[in-house]
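Shown next, in structure tokens, is the structure this report addresses.
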Amino acid sequence: MKLYELSVADARQKLDNKEISSVELTKSVFERIDEVEPKLDAFITICKESALKEAELADKMISEGKKTPLLGIPVSLKDLICTNGVRTTCASKILENFIPPYDATLVEALKKDGAVITGKVNMDEFAMGSSTENSAFKITKNPWDTKRIPGGSSGGSAVCVAADMSLVSFGSDTGGSIRQPASHCGVTGLKPSYGRVSRYGLVAFASSLDQIGPFTKTVEDAAMVMNTIGFFDPKDSTSFPADTPDYTSFLEKGMKGVKVGIIKEYIDAQGIDPEIAGAINKSVDVFKSLGAEIVEVSLPNTKYAVPAYYVIAPSEASSNLARYDGVRFGTRVETPELIEMYKETRSKGFGAEVKRRIIIGTYALSAGYYDAYYGQAQKVRTLIADDFKKAFEKADILLSPVTPEPPFKLGEKTDDPLTMYLSDIFTISANLAGIPGISVPCGLTKNNLPIGLQLMAPSFEEGRILKAGYNFQCETDFHKKRPVI
């Protein structure tokens, strides 16, 4: 086995036992990047020189007896997480040369732990998209089939882990942007509860929906990562002062007595691919064999989730992206007139999908329409959250598909944004309700494309889905399969 193929848990053991060094592990990862990155286009910025220095420092800390989950582990970051002195572009021309003067809280935590940051990875511009085709710089390809999308908006992060270019990668999830690409690339992707992981230093898309989370090779690795990043941060006004558990303590075998809820509206959804439905049914059988009790639950307002989301998210994006005006930071198109400068800067700096969402959001927030659109969507959001509360009275966790279909071909849906939006139909509700969700690999199509299983739990009950996902991976080997690139 090559060093870059190691899971975090295996690498942690070998590092602590002095069987390998962080420098050796990091060099192995960069050799892998050199080999496959030209085929996949996952990175925007590669930080080889600084990463090797961080690896040397990590080896020194290990020799001094320090023990932390990510000490000496190579990780990568979605390029909307601020890094002091390292370009943070949000995959947008408007921030092409922006270098933040501070680290996000996540990055501070990683550095404190001794993680090795290898670079910043590609994404849909400002996290707006489901395919990573909306980047201003490059189109990232799925390592299982380079003619297909890797999912989005955190496509670069998912590809990094799937292609062994990173042991962990961090993304953000506003409507499925961690779980959907994790499903499409055959890796584990965790969206924690809203407020569980600090958003300080995360460039905002929709502030009431965004959440940072990890992509990993296993659920065990995700639990280890959460021990580094899942804490209260007073610098983030949306960070919640919940108890911070040892997330690895939930990794116990056995599901006896656990009630697993099958969501009626998701299973009966029109347009779901038969191979995905079949893989989900087999996954239910795995939980039955583990002793779980299967119950049916209903989320009756599911049909309103997509329209509500696509009012709320663009409205908040319109507000958040107003700061990119060519005056304070980012790209500036010089013109004699101030208003003309605003127009030219934003017209040339933003891509088509970002402009589309700004227009939708600005309209929804405009005088005379606020109550009819944004206000109404927030009421629907409350109904969806209430649906989940009632469902969790019957079930401990909920089980569903992640996506209605396998990864589609590059360019297949770029001219049909509505169809693209519907690819997040099973993931959006968790963001609206603020609950945690995880995608774990659960099958392969006849074309050898990954299928993901989604598990959800009540807010701040990440332990439930970590336990369920861990048990599922103990019984199956889909998470061990890797693409041939």
Checklist entry - 222 nm [θ] for the chain, helices only, -39500 (n - 2.57) per DSSP H run of 4+, per residue, to 500? => result -11500 deg cm²/dmol
Item to check | Peptide ranges 40-47, 392-399, 449-456, 121-128 listed from the most packed, as the mean C-beta count within 10 angstrom indicates | outcome: 121-128, 449-456, 40-47, 392-399
Next on the checklist: Give me, ordered by chain and number, the residues 5 or more places off Ala115 or on other chains with an amide H under 5 Å from its own placed amide H.
Outcome noted: Gly72
Checklist outcome for this item: In order over the range 42-54: 3J(HN,Hα) from phi, Karplus 6.51/-1.76/1.60, θ = phi - 60°, whole Hz, x for each Gly or Pro, gives 8, 9, 9, 9, 9, 10, 5, 4, 5, 5, 5, 5, 5
Checklist outcome for this item: Among Val333, Ser315, Tyr304, the residue whose Cα sits farthest towards the positive end of the charge dipole of the range 301-352, when +1 is placed on the Cβ of each Lys and Arg and -1 on the Cβ of each Asp and Glu, is Tyr304
Checklist entry - Which entry is the computed Rg/Rh (Cα atoms, Kirkwood Rh) for this structure: (1) 0.95; (2) 0.99; (3) 1.15? => result (1)
Checklist outcome for this item: Residue by residue through the range 444-454, the couplings from Karplus 6.51 cos²θ - 1.76 cosθ + 1.60 with θ = phi - 60°, in Hz, x for Gly and Pro, are 9, 6, 5, 8, 6, 10, x, 10, x, 10, 9
Checklist entry - Which aspartates and glutamates, on any chain, are close to Lys67 with Cα under 12 Å apart, when same-chain ones fewer than 8 places away are left out? => result Asp16, Asp59, Asp113
Next on the checklist: Using the crude model of +1 on Lys and Arg Cβ and -1 on Asp and Glu Cβ, and no other charge, please compute the dipole size for the chain relative to its Cα centre, in debye to 20.
Outcome noted: 40
Checklist entry - How much FRET efficiency would the formula 1/(1 + (r/R0)^6) give for Ser63 and Asp477, where r is the Cβ-Cβ distance and R0 is 41 Å, rounded to 0.05? => result 0.70
Checklist entry - Check Phe43: other-chain or 5+ apart residues with amide H under 5 Å from its amide H, H built from backbone geometry? => result Asn122
Next on the checklist: Through the Karplus equation 6.51 cos²θ - 1.76 cosθ + 1.60, θ set to phi - 60°, convert the phi angles of the range 170-177 into ³J(HN,Hα) values in whole Hz; use x for Gly and Pro.
Outcome noted: 10, x, 10, 10, 9, x, x, 6
Item to check | Relative packing of 410-420, 350-360, 306-316, which averages over residues the other C-beta atoms within 10 Å, highest first | outcome: 306-316, 350-360, 410-420
Item to check | Built amide H within the under 5 Å cut-off of Lys259, gap 5+ | outcome: Glu293, Asp396, Ile397
Checklist outcome for this item: For the table Lys14/Lys480; Lys217/Lys303; Lys66/Lys481, the rows whose alpha-carbon distance is greater than 26 Å are Lys217/Lys303; Lys66/Lys481
Next on the checklist: Which order do the peptides 144-156, 198-210, 13-25 come out in when sorted by mean C-beta neighbours inside 10 angstrom, highest first?
Outcome noted: 144-156, 198-210, 13-25
Checklist entry - Roughly how many debye, to the nearest 20, is the charge dipole of the range 209-275 about its Cα centre, given +1 on each Lys and Arg Cβ, -1 on each Asp and Glu Cβ, and no other charges? => result 260
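Only the coordinates and a few stated rules stand behind these numbers; no lab work does. Bear in mind the structure is a predicted one, so any value in this text is a computation, not a measurement. So basically every Cβ, Gly included, is an ideal-geometry build from the backbone, and we count neighbours across all protein chains shown.
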